[in-house]
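The values are calculated or read from the model by the stated rules, or taken from the named source; none is laboratory data. Quick caveat: nothing in here was measured; it's all calculated off a predicted structure. Counting neighbours? That spans all protein chains shown, and the Cβs are built from the backbone with ideal geometry, glycine included. Surface accessibility is based on the protein's heavy atoms, side chains included, excluding ligands, DNA and RNA. Shrake-Rupley method; radii C 1.70, N 1.55, O 1.52, S 1.80 Å.
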Amino acid sequence: MERRLITNYESIGETESEKAATGGEFTAEDVIESMKWGRFQLAITFLSGAFVIVQSFEVMLLTVLFPAIQCEWQLSALESAMLSVFVFTGMLLGSPLWGVLADNYGRKPISFLASALVAFFGVLCTFSPNIIWLFILRFLVGAAIAGDLQMSVLLIEFIGSKYRALTVVAQQGFWATGALLEVLLAWLVIPTVGWRYLIGVTALPVVLSLFLWPVVPESVRFLLVSDQRESAMKTLAEATQMNGESLPPASRPSSTSTHPRCIQLNVAPSAFPAASSPAASAPRSPVISRCPFC
């Protein structure tokens, strides 16, 4: 990207002389916005999509379970419908909790913790002795699925505004893929070994998604807000390198900003007009803060 991180300031009214006077600060958003769509964005989209698929598995499971359990346990239509009610109530109540946890402990660990709980409670569902236990366990699965949605938040925070809307819409393709695969799985499993095995097999992709931990990055915004600036810079550098781009030279965390989300760029003096030049000595006009929290 070279100096494109610097020239992004023109969009908020900062001139070259003002950049020289401020030391050339830039934010994580500047880096993300200036990145082109490339291998990094494609990789993070598919990583997030893997979690969307397993979410779809667990939700779509309700549709294919109804006929089987209704027949085996002689359930009424109301009792069968209540299974969906318990799952989505769990999602409703779990979402605020997971959001608070993700803001405090990070998108990545919370997403993986939620996935582990989805797998755990999903497997326990296979041993449900009656409908009451199935209600309870599917409620817990629903609450855990709400935490999985943090992976979609992480995706959004890594995609520039130019591609963000299209990327979010494309995620629905992963959801549809998961739904179709779950129906196919039910068609193969339920007639042969029964619905309990289907629940267990459905939980298997959730377990496999946990092995993606090493390749999923943490949100740069969270790293900066939690004052993990070196980790944030490392993540941004790896992202741009994966795209065949690079961060501006000699970049380091800002020591002058009032908010940790700001990063300062040490630019060689030759990159800007000399202090004695009219452009550099001219009075500075008010500009919008580069960090909305400063």
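Key figures for this structure:
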{"quantity": "Rg over Rh, two decimals, the stretch 136-185 (C-alpha only, Kirkwood Rh)", "calculated": "1.09"}
{"quantity": "Extended-chain gain in nm, criterion 0.36 nm per residue less alpha-carbon gap, Gln172 and Ala116", "calculated": "17.9 nm"}
{"quantity": "FRET efficiency, 1/(1 + (r/R0)^6) with R0 30 Å, evaluated for Leu188 and Val215 via beta carbons", "calculated": "0.50"}
{"quantity": "Shape metrics for the stretch 19-146, restricted to C-alpha atoms - Rg then Dmax, Å", "calculated": "20.4, 76"}
{"quantity": "Inter-centroid distance (Cα atoms) of the stretch 102-158 relative to the stretch 196-238, Å", "calculated": "14"}
{"quantity": "Sites Ser84 and Ser246 - FRET efficiency at Förster radius 41 Å, r taken between beta-carbons, to 0.05", "calculated": "0.25"}
{"quantity": "Cα gyration tensor, the stretch 81-199 - rounded (a/c under 1.5), prolate or oblate", "calculated": "oblate"}
{"quantity": "Extension gain (nm, one decimal) between Phe127 and Glu33, 0.36 nm per residue minus Cα-Cα", "calculated": "29.0 nm"}
{"quantity": "Heavy-atom accessible area per residue - the stretch 46-159, 1.4 Å, Å²", "calculated": "40"}
{"quantity": "Fraction of accessible area attributable to carbon and sulfur, the stretch 53-127 (%, probe 1.4 Å)", "calculated": "75"}
{"quantity": "With eigenvalues of the C-alpha gyration tensor scaled by 5 and rooted, the stretch 73-137, Å", "calculated": "28, 14, 6"}
